[in-house]
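Student: Below is one structure. I have some questions about it.
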Amino acid sequence: MESITLHNPLDMHLHLREGEMLKNTIDFTTSFFSGAVIMPNLSTPIITTYLALQYRDEILQSSKDKSFLPLITLYLTDSLEEEELKNAKSNGIRILKLYPKGATTNSQNGLDTILTPHTLKIFEIAQELGFILSIHGESNGFCMEREYEFKTIFAQIAQSFPKLKIIIEHMSDHRSIELLERYENIYATLTLHHITMTLDDVIGGGLRPHHFCKPILKTPKDRDMLLKLALNAHPKVCFGSDSAPHLEKNKLKDNGAAGVFSAPMVLPALCELFEKYDKLHNLQAFISNNAQTNYNITHLGKKSITLYKKHSSIPSQIKLIQNNIIPLNGGQMLGWALG
Ligand code: DOR
Ligand code: ZN
């Protein structure tokens, strides 16, 4: 049977939440991935080193696999001080996450104005300390133009701080791709949903709230150009699922939550996708090697995971005490399987 073995898969953009939600979703990632970049937009946002370290402990306690490497990120707020950044660095935290205020779930502590004397100072220190700046790059304009409207901010930060590595998280717009070529210090993560779906999958037929996410899924051209980057394992991009669990009732209500919960199916789905385009040989670079190089990850173990070309089904729901979480394409079949 055809199979592929992936060494140290990494998910460079993951939402794990806290408490019961964390306990019920974490093993979908930690059983198969060696590490992940963990987003800080919790209901109690990770704005200090103290909270970050506590969260790292909670993650490892909740995970069956204790060898998992959670790369915790620090949430950039207007009140983040130089000392706190130094403290974070000395405690092994290396990624700073920038959310524009109001751009997405739990971003109310984010930045109202991105380029202020205070943030410029923080970027300078972050550069000196060797932090990576991970950015949710969206304006508050028309939803299909938000990433594009943020482009000048990416360019300005990249130009002013040439030694600061900047990640365009969940790149969704083909017009962002040229930033990778233009600035040595700009990189990107790509999700499964942005490289395989478009706005039609959200509102083209009936309304599909489980496909609703930020940044919104875009045009066929955006999808196809981003897919090409992934399939060719462009050295400046790597996989970041942006798997973001929400309770079903919060997805379905009026003003429903943005987020696609893809963790239970991303690895077999990526195998199916890369095989379809005859690019399975590039999956290792996309899922691990590029990230190891670009984020300077040197301390991974020897975890590997073999996937087989055989049918598997995606769980239709994950049951929590009060409500369910619905995975991406829950209940459907895939042509590849884990283990
Ligand atoms: O769709 C999204 N959901 N995009 C984000 O940026 C945040 C995430 C979440 O936390 O639910
Ligand atoms: Zn995210």
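Student: Return P(r) of the stretch 52-106 (all Cα-Cα pairs; 10 Å bins starting at 0; whole %; ordered from short to long distances).
Tutor: In order of increasing distance, the bins hold 21, 44, 30, 5 percent.
Student: In a Debye calculation with equal point scatterers on the alpha-carbon sites of the stretch 237-319 and no solvent, what is log10 I(q)/I(0) at q = 0.20, 0.21, 0.24 Å⁻¹?
Tutor: -1.06, -1.10, -1.22
Student: Which value in deg cm²/dmol, rounded to the nearest 500, describes the helix-derived mean residue ellipticity at 222 nm for the chain, given -39,500 (n - 2.57) per DSSP H run of n ≥ 4 and division by the residue count?
Tutor: It comes out at -9000 deg cm²/dmol, rounded to the nearest 500.
Student: Moving on. Taking the Cα centre of the stretch 3-338 as the origin, how large is its charge dipole in debye, to the nearest 20, when only Lys and Arg (+1) and Asp and Glu (-1) carry charge on their Cβ atoms?
Tutor: 760
Student: Starting from the alpha-carbon convex hull of the stretch 103-168, give the projected area averaged over all orientations, in nm².
Tutor: 4.5
Student: Work out the charge dipole of the chain with +1 on the Cβ of Lys and Arg and -1 on the Cβ of Asp and Glu about the Cα centre, then indicate which of 164, 326, 180 is farthest towards its positive end.
Tutor: With unit charges placed on the Cβ atoms, the residue in question is 326.
Student: If you find the alpha carbon centre of the stretch 283-339 and of the stretch 222-236, how far apart are they in angstrom?
Tutor: Taking the Cα centre of the stretch 222-236 as reference, the centre of the stretch 283-339 is 19 Å away.
Student: Next up: How many percent of Cα pairs in the stretch 169-264 exceed 19 Å?
Tutor: Considering the stretch 169-264, 41 percent of its Cα-Cα pairs are separated by more than 19 Å.
Student: List, in the order given, every pair from 214/236; 101/151; 221/249 whose Cα-Cα distance in the structure shown is over 28 Å.
Tutor: 221/249
Student: Okay, next question. What order do you get for 311, 118 when you list them from fewest to most C-beta neighbours inside 10 Å?
Tutor: With the sparsest Cβ surroundings first, the list reads 311, 118.
Student: Only four residue types carry charge here, +1 at the Cβ of Lys and Arg and -1 at the Cβ of Asp and Glu. Report the dipole size of the stretch 1-60 about the Cα centre in Debye, rounded to the nearest 20.
Tutor: Around 140 debye, computed over the stretch 1-60.
Student: For a quick size check, give me the Cα extents of the chain along its three principal axes, largest first, whole Å.
Tutor: In descending order, the Cα extents are 56, 42, 41 Å.
Student: Moving on. Give me the base-10 log of I(q)/I(0) for the stretch 1-96 at each q in 0.16, 0.25, 0.26 Å⁻¹, Debye formula, one uniform scatterer per Cα, rounded to two decimals.
Tutor: Scattering profile of the stretch 1-96, log10 relative to I(0): -0.65, -1.33, -1.40.
Student: Ratio of alpha-carbon Rg to the 2.2 N^0.38 Å globular estimate for the stretch 82-141, to two decimals, please.
Tutor: 1.16
Student: What fraction of the DSSP beta bridges in the stretch 3-338 is antiparallel, stated in percent and rounded to the nearest 5?
Tutor: For the stretch 3-338, the DSSP antiparallel bridge percentage is about 30.
Student: Quick one: grab Rg to one decimal and Dmax as a whole number for the stretch 134-207, Cα atoms only, in Å.
Tutor: 13.5, 46
Student: Please report the Cα spread of the stretch 291-339 along all three principal axes, rounded to whole Å, starting with the longest.
Tutor: 39, 31, 17
Student: Related question: Compute the relative contact order of the stretch 3-338 as a whole-number percentage, counting only Cα pairs closer than 8 Å that sit 6 or more residues apart in sequence.
Tutor: Normalised by residue count, the contact order of the stretch 3-338 is 18 percent.
Values quoted throughout were computed directly from the atomic coordinates according to the rules given, and no laboratory measurement underlies them. Since we're looking at a predicted model, the values are computed, not measured. All Cβ positions, glycine included, derive from the backbone under ideal geometry; neighbour counts span all protein chains shown.
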